[in-house]
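Chemist: Can you keep this structure in mind? I'll have questions shortly.
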Amino acid sequence: MTAKRKFILGVTGASGAAYALRTLEALARAGCEIHLCVSEPGRRVVEMETGLQLAPDLSDLAELIDAPTENIRHVALDDFASAVCSGSARFDGMAVVPCSMRTLGAIACGHGDNALHRAADVTLKERRPLVLVPRETPLSAIHLRNMLELARAGATVLPACPGFYHKPQSVADLVDFVVARVLDALGVENELVKRWPEK
């Protein structure tokens, strides 16, 4: 019997709740176990962009995603005893979707002052896939420096920049383009977008 794949998903206070919710939905539909850590600014952005209130313990996720939620575990931001904070706990990778510049900077500097930052630090040190999805423009030299630092440390910096060659017909199509790349970087099979044809 194949063990269920386990991922950590962080959601922070950058615009892009649709990316976060679609990533969560896709991982849940793929049968993965998800340890979900949402910052307070991230929770407020979800509420602002979806119009739905999100409970502090995330117990109302079933209202936000079209996928089974029984394999989603809530990780409180101040829970340093959580498995996500330990290198000895087995996870297949982590994504931060969207990733605010504050979170990006904290991870780049090794400043683990909450469970989300610590989980990313652990993911890097254990050489597991870490996918960061910043959604900010324009980018300052500080942002670019932090991204370069993280890329050199082994993270995949995957800005929320959808392509158009798949001829998107809706905002959902643009979101799926980015989420498909996140799943690819984590090694999760998906068919969210039509791939470039092989010759």
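Please treat every number below as a calculation from the coordinates, not as lab data. The model shown is predicted, which means the values in this text are computed figures rather than measured ones. Virtual Cβ from ideal backbone geometry, glycine too; neighbours counted across all protein chains shown.
Chemist: For region 25-103, which trypsin sites (Lys or Arg not before Pro) are in a loop by DSSP, counting at most 13 other Cβ atoms within 10 Å?
Modeler: Of the trypsin sites (Lys or Arg not before Pro), the ones in loops of region 25-103 whose Cβ has at most 13 other Cβ atoms within 10 Å are Arg90.
Chemist: Rounded to the nearest 500, what is the 222 nm mean residue ellipticity of the chain from helices alone, with -39500 (n - 2.57) per DSSP H run of 4+ residues and division by all residues?
Modeler: -11000 deg cm²/dmol
Chemist: Show me the ranking of peptides 75-84, 190-199 by mean Cβ neighbours inside 10 Å, starting with the highest.
Modeler: Ranking the peptides 75-84, 190-199 by packing returns 75-84, 190-199.
Chemist: Please find the FRET efficiency linking Ala55 to Glu198, where r is the Cβ-Cβ separation and R0 is fixed at 35 Å, and quote it to the nearest 0.05.
Modeler: After rounding, the FRET efficiency stands at 0.20.
Chemist: If the cut-off is 19 Å between C-alpha atoms, which lysines fall inside it for Lys6, apart from same-chain ones fewer than 8 positions away?
Modeler: Lys125
Chemist: Comparing Ala14, Ala115, Ala30, which has the greatest mean-square fluctuation in the GNM of the chain with Cα pairs linked when under 10 Å apart?
Modeler: Judging by the Gaussian network model, the answer is Ala30.
Chemist: Same structure, new question: When 1/r is averaged over all different Cα pairs and the result inverted, which Kirkwood radius in Å belongs to the chain?
Modeler: Radius from the Kirkwood sum: 16.9 Å.
Chemist: Still on this model: Which order, highest average first, do 156-164, 45-53, 5-13 follow once you tally other Cβ atoms within 10 Å for each residue and take the mean per peptide?
Modeler: 5-13, 156-164, 45-53
Chemist: Roughly how many debye, to the nearest 20, is the charge dipole of region 1-125 about its Cα centre, given +1 on each Lys and Arg Cβ, -1 on each Asp and Glu Cβ, and no other charges?
Modeler: 500 debye
Chemist: Okay, moving on. Mind computing the radius of gyration and Dmax over the alpha-carbon atoms of region 44-147? Å is fine for both.
Modeler: 14.9, 42
Chemist: With a point put 7 Å past each Cα toward its Cβ, work out how far Glu70 is from Arg29 in nm, to one decimal.
Modeler: 2.0 nm
Chemist: Give the distance, in whole Å, between the Cα centre of region 1-32 and the Cα centre of region 147-199.
Modeler: Here the two parts' Cα centres lie 14 Å apart.
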